[in-house]
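First comes the structure, then the notes that go with it.
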Amino acid sequence: MNERIRAREVRVIGDEGEQIGVMPPFEALKLAREKNLDLVEISPTAQPPVCRIMDYGKFLYQNEKREREAKKKQKIITVKEVKFRINVDDHDYDTKKNHVLRFLDEGDKVKATIFFRGREMTRQSLGRQILERLIKDVENKGIVEFRPRQEGNTLHLILAPKKDAGGKEKEKAPKPVVAKPAPPPPAQGGAQTA
């Protein structure tokens, strides 16, 4: 940028995007200074290197602003964990299944884990049955990213939210418009005498 450009000649592009031509860097810098702008090298590998006359501070600010906007629109997917036991009761299972469904609706991935303690390691088939039941119960809301997998004394699977096939939002039925009766006209005058 500016005095740090070390090439003998540079191809200069003006602040409006017009081609100015090939010239020594000190002349290009003089042109930029006349407009109160900077000379910025944008393609140092070209022959000769390409430089542009621009407001470098404004350029950096706009790049930073664009990056912040992109971050705002970015969806951060988190992995929520739901833990089951092999001797889980039906009510507890339903509660945890509802948590899984809620997490999937919110767009998060879900890791369902079964932790085996002591002699429970001999009953791993019960743990697999619970996870297979969970997969079947949430198949309309989520897809299986990783099938049930055993790692040490834990068995886990990962579910991801399902993407809409058509990419269309569900259309809401318009609310019916209910016509309200018009209020009666106000009575004019007081009591009438006959």
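A short reminder: the numbers here are calculations on the coordinates, not readings from a lab. It should be emphasised that the depicted structure is a prediction, and the values quoted were computed from it without experimental measurement. With ideal geometry, Cβ positions are generated from the backbone for all residues, glycine too; neighbour counts draw on all protein chains shown.
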In sequence order, calculated HN-Hα J values of region 144-154 (Karplus, 6.51, -1.76, 1.60; Hz; x Gly/Pro): 7, 8, 10, 4, x, 9, 9, 9, x, 9, 10
Amide proton proximity set for I20, modelled H, under 5 Å, gap of 5+: V12, I13, G14
Gain on full stretching of the segment that runs from A46 to K73 - 0.36 nm per residue minus C-alpha separation: 6.2 nm
E106 versus L126: modelled label distance in nm, points set 7 Å from Cα along the beta carbon direction: 3.0
Whether region 2-69 is rounded, prolate or oblate, judged on the alpha carbon gyration tensor where a/c under 1.5 counts as rounded: prolate
Cross-link reach list, aspartates and glutamates versus K35, counting only Cα pairs under 20 Å and skipping chain neighbours closer than eight places: E3, D15, E16, E18, E27, D55
Rounded FRET efficiency, nearest 0.05, which uses the C-beta distance separating R4 from K163 and R0 of 41 Å: 0.25
D90-R117 FRET efficiency (beta carbon distance; Förster radius 25 Å; 0.05 resolution): 0.70
Over 28 Å between alpha carbons, listed pairs K72/K162; K72/K109; K71/K109; K72/K97; K73/K163: K72/K97
